[in-house]
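Every number in this text was worked out from the coordinates using simple rules, so none of it is lab data. Since we're looking at a predicted model, the values are computed, not measured.
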Amino acid sequence: MTKKAERNLKYTLATHAAENMMPSRKAISLCEKIANGQISGDMAVEEIKRYYGVESGYQHA
């Protein structure tokens with residue numbers, strides 16, 4: 001992980017902590033993979049949706 005990516009990840013975690021929010025270990029792992037260029041943001045979103053059983057689709061207003 002680059003120094004910039006590491007700083008961004010630490011900043012995000014600190015921001016969550018300030019709001020009393022804690023991302024899952026899975027979410028942190030995906031952020032690290034994105035920062036390292038191993039996966040894209042779109043791939044991470046799809047993985048989270050599969051993990052939580054969320055189906056893709058369009059919502060109609």
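Kindly count the pairs of lysines across the chain whose alpha carbons are less than 19 Å apart, treating pairs on different chains or eight or more residues apart as eligible.
6
Relative to the longest principal axis of the C-alpha atoms of the chain, give the angle of the C-alpha long axis of helix 25-35, reported between 0 and 90° and rounded to the nearest 10°.
That helix lies at roughly 70 degrees to the long axis.
Using Cα pairs closer than 8 Å and at least 6 residues apart in sequence, work out the relative contact order for the chain, in percent.
Dividing the mean separation by the residue count of the chain yields 31 percent.
Nearest 10 degrees, 0 to 90: what angle lies between the long axis of helix 3-18 and the longest principal axis of the chain (Cα atoms)?
Approximately 70 degrees, to the nearest ten.
When semi-axes √(5λ) of the Cα gyration tensor in Å is calculated directly from the model, which label among [x] 24, 16, 10; [y] 22, 18, 12; [z] 20, 16, 14 fits?
Among [x] 24, 16, 10; [y] 22, 18, 12; [z] 20, 16, 14, the one calculated here is [x].
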